[in-house]
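Notes follow once the structure below has been shown.
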Amino acid sequence: MGRKLTVFMLDGTPTGPKTVEIGNWSGRAIFSQRASLKGLLHRNEFAAQGVYLLQSESDDDKFESSIYIGEAEELSTRLKQHIADRDFEAVVCFSSRDEGLTKAHIKYLEAKLIQLARDANTSRVENSNSPRGAKLSEAEASDMDYFIEQIKLILPVVGVRSLVVATPHSVTPRQPNVGEREYIVKSKELKARMFESDRGFVVRAGSEAALATSKSIAPGWLNMRKKLIDVGVLKQVGDRFVFSEDATFSSPSAASSVILGRQAPGPISWALPDGRTYKDAQTDA
């Protein structure tokens, strides 16, 4: 049986600030756009200690967004500082309804969330350091890992996908529609075709991918390749992999990195038959 997730819209609009709770879970979440944040800092959720994620647009084409993850003994005080010194669009905070989170707990949560965000490779993680987190007992660590599982359920509900690996999925094969230009991966050894649709970036069946990967490839893309291999979308044929069916990716960088087996920025790794890169084509559009 699924767990009941309750969302309360604080201003009555689906895009505005909101609180989120799950069944009997002791945690709670509150989400707000930057513009609404100052008017909410008096709420009890912000008086507590907890962890928070600041989301903004990324200036790096490889990522869907940018994220900064932190912890605070009093969330309102820390967020007031960030309003003054950081450029962000929205924040989501997690605390405990029963004040059961200690300083060690939130240190543990912060370190785990930063590592999960880096592994997912969906957002650019702005944290410059990699905190080790606090050492907890086995029972406490288990409780905090459960807390993180609830965080992972809530984040997509408020539009934050930073912990979600952008896993490709198979689609029914079809030809590009009018206006959906087909791109070719820039590689002398591999042949791969992709077109952008309203469902994402579709790599065509029969496209090739490198058999080996380099150390430069991010963990998220590496996990994505493994999943494609495990489900049989990528099948080894001789000295390369071949897509057995069409697969949709969330970004051109996800597609090019998985295909080339290394970190490969999509905007310059895909090109039209006339040589213009994906980036050039968007500029010309």
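Details
- Qualifying positions in the stretch 61-71 - at pLDDT below 95 and touching a helix residue (DSSP H, G or I) at 6+ places or on another chain (Cβ under 9 Å): Asp61, Lys62, Phe63
- Candidate set from the stretch 47-85 (those that are in contact (Cβ under 8 Å) with a residue 60 or more places away in the chain and small (Gly, Ala, Ser)); member that is farthest from Glu110 (Cα to Cα): Ser58
- Pick from the stretch 221-242, criterion part of a loop (DSSP other than H, G, I, E, B) and not aliphatic (A, V, I, L, M), ranking: nearest to the chain's Cα centre (by Cα): Gly232
- When the residues of the stretch 37-64 are filtered to those that are among the polar types (S, T, N, Q) and buried (at least 18 other Cβ atoms within 10 Å of the Cβ), the one that is farthest from the chain's Cα centre (by Cα) is Gln49.
- Within the stretch 256-285, residues that are touching a residue at least 12 places away in the same chain (Cβ under 8 Å) and within 20 Å of Arg225 (Cβ to Cβ) sit with their Cβ atoms under 6 Å from residues that are basic (Lys, Arg) and not in a helix (DSSP H, G or I), at 6+ positions apart or across chains, in these pairs: Pro265/Lys62; Ser269/Lys186.
- Within the stretch 123-140, considering residues that are surrounded by fewer than 16 Cβ atoms within 10 Å (Cβ to Cβ) and either in the same structural domain as Ala218 (by TED's automatic domain parsing) or more than 30 Å from Ser251 (Cα to Cα) (or both), the one modelled with the lowest pLDDT: Arg132
- Check on Arg240, among the basic types (Lys, Arg) and closer than 19 Å to Phe195 by Cα: no
- Where Asp274 falls short, out of the listed (1) more than 23 Å from Pro219 (Cα to Cα); (2) in a helix (DSSP H, G or I): (2)
- Qualifying positions in the stretch 44-94 - assigned to a loop (DSSP other than H, G, I, E, B) and either farther than 17 Å from Glu126 by Cα or outside the structural domain of Val20 (by TED's automatic domain parsing) (or both): Ala48, Gln49, Glu73, Glu74
- Residue that is surrounded by the most Cβ atoms within 10 Å (Cβ to Cβ), among those in the stretch 89-106 that are in contact with a Leu (Cβ under 9 Å, 6 or more places away or on another chain) and over 18 Å from Ile22 (Cβ atoms): Val91
- The residue that is nearest to Thr102 (Cα to Cα), counting only those in the stretch 5-41 that are assigned to a loop (DSSP other than H, G, I, E, B) and either polar (S, T, N, Q) or touching a residue at least 24 places away in the same chain (Cβ under 8 Å) (or both), is Ser26.
- Any chance Arg34 is among the basic types (Lys, Arg) and under 22 Å from Glu149 (Cβ atoms): no
- Within the stretch 224-236, residues that are closer than 13 Å to Glu208 by Cα have Cβ atoms under 7 Å from residues that are buried (at least 22 other Cβ atoms within 10 Å of the Cβ) and of a type in the set (Phe, Trp, Tyr) in these pairs: Val233/Phe243; Leu234/Phe241; Leu234/Phe243; Lys235/Phe241, counting only partners at least 6 apart in sequence or on another chain.
- Scanning the stretch 199-220 for residues that are in a loop (DSSP other than H, G, I, E, B) and under 15 Å from Ala264 (Cβ atoms) turns up Ser207, Ala212, Thr213, Ser214, Lys215, Ser216, Ile217, Ala218.
- Unmet criterion (only one of (1) surrounded by fewer than 18 Cβ atoms within 10 Å (Cβ to Cβ); (2) modelled with pLDDT under 95) for Lys80: (2)
The values are calculated or read from the model by the stated rules, or taken from the named source; none is laboratory data. None of the values given here were measured: they were computed from a predicted structure. As a convention, Cβ positions derive from the backbone with ideal geometry for all residues, glycine included, and neighbour counts pool all protein chains shown.
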